[in-house]
Amino acid sequence: MSGRAGLVDYKHPYLSLRTQCELLSVSRSSLDYVPLLASPEELNIMRIMDEIYLRDPCIGARRIVLLLERDHGLCVNRKRVSRLRRVMGIETIFCRPRTSIPDREHVKFPYLLRDKNITRANEVWCSDITYVPMAHGNAFLCVVMDWYSRKVLGWAVSNTMDVALCLTALARALKAGGGVFPEIFNTDQGSQFTSQEWVAALQSRGIAISMDGKGRWMDNVFVERLWRSVKYEDIYLRGYADIEELKVGLTRWFGDYNEWRPHQIFGGATPATIYAQNAAVTTPQPELKAAA
């Protein structure tokens, strides 16, 4: 049970279940709904689709159908591929015609990094979310990365792709940095990053918000490279059974990535070393409360 239905108290001393559902505007039938787990076949298909997306994010559903049949012997129709892509939260990158007007209430911010030379840590942070396949289900991983040093400052995993996941990663990034925060925070225009909660969390700290516009998907290329590394070097190889096992594995991998693994672009130094040497001193701010 998730969303507002999760707020229903079955043992409330005064309010009946009917009254609580009316107050929360949820259907009573949703209280008894038990979501079905994805079958092993679908989990395997989604894992392969995730690998295809990492290799070429511009491939559409029709080509994925052909690749699944040609390379893996899987007969999957286009409607099923499209449905599973929605579950995974991935979308083909392509030039779109302007067929609709965005909702005026949908928060969007200008892109602030055009022709900007990033010269130190904490000047720009970025964040993104990716799908994570597991042996008995799936999860979503959100990271917050320092643009200059490539250090992963905070990360979080959840079985839902919502703003709480992103806020938890942000809270951990602020805590790891002792409350230090960036001048600019760059993300895509995903619903999590345009939500009121996310925008308020950044604006309350005086952080300028930058969002990738049309044709700017490569601006988060550092995070995209991180996804490729963590999946091919750890997640795909180990096939974690559940989220708790996944958290243990990612703790180890991100620790090695930040503190131990030499990076060629830095002459063999680690992201943690580069971050510590180039971090600007900023007045600590109140700690952001992480989601439960």
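Bear in mind that the values in this text are calculations on the coordinates, not laboratory data. All values derive from a computational prediction rather than experimental measurement. Cβ: placed from backbone, ideal geometry, glycine included. Neighbour counts: every protein chain shown.
For each of Trp260, Trp125, Trp227, Trp147, count neighbouring Cβ atoms within 10 Å of the residue's Cβ, then give the residues from fewest to most.
Lowest count first: Trp260, Trp227, Trp147, Trp125.
For each of Arg85, Arg238, Arg252, count neighbouring Cβ atoms within 10 Å of the residue's Cβ, then give the residues from fewest to most.
If I rank by nearby Cβ atoms, fewest first, I get Arg252, Arg238, Arg85.
Apply the Karplus parameterisation 6.51 cos²θ - 1.76 cosθ + 1.60, with θ equal to phi minus 60°, to every residue of region 49-66 and state each ³J(HN,Hα) to the nearest whole Hz, in sequence, with x for glycine and proline.
Computed from phi, the couplings for region 49-66 are 4, 5, 5, 4, 5, 5, 6, 8, x, 9, 7, x, 4, 4, 5, 4, 4, 5 Hz.
Under the rule a/c < 1.5 gives rounded, and otherwise a/b versus b/c splits prolate from oblate, where does region 124-278 land using the Cα gyration tensor?
Because a/c hits 1.5 or more and a/b fails to exceed b/c, region 124-278 counts as oblate.
If I stretch the segment between Arg63 and Lys79 completely, what's the gain in nm (0.36 nm per residue apart, minus their alpha carbon distance), one decimal?
4.5 nm
Measure off 7 Å from each Cα along the Cα-to-Cβ vector at Glu183 and Arg228, then give the distance between these two points in nanometres to one decimal.
3.0 nm
Using a cut-off of 15 Å between beta-carbons, work out the net charge of the residues near Arg228 (Lys and Arg +1, Asp and Glu -1, Arg228 not included).
Once positives and negatives cancel, what remains is -1.
Please give the FRET efficiency for Asp115 paired with Ser25, using the beta carbon to beta carbon distance and R0 = 35 Å, rounded to the nearest 0.05.
Efficiency, from the Cβ-Cβ distance: 0.15.
Apply the Karplus parameterisation 6.51 cos²θ - 1.76 cosθ + 1.60, with θ equal to phi minus 60°, to every residue of region 199-205 and state each ³J(HN,Hα) to the nearest whole Hz, in sequence, with x for glycine and proline.
4, 5, 4, 7, 5, 5, 9
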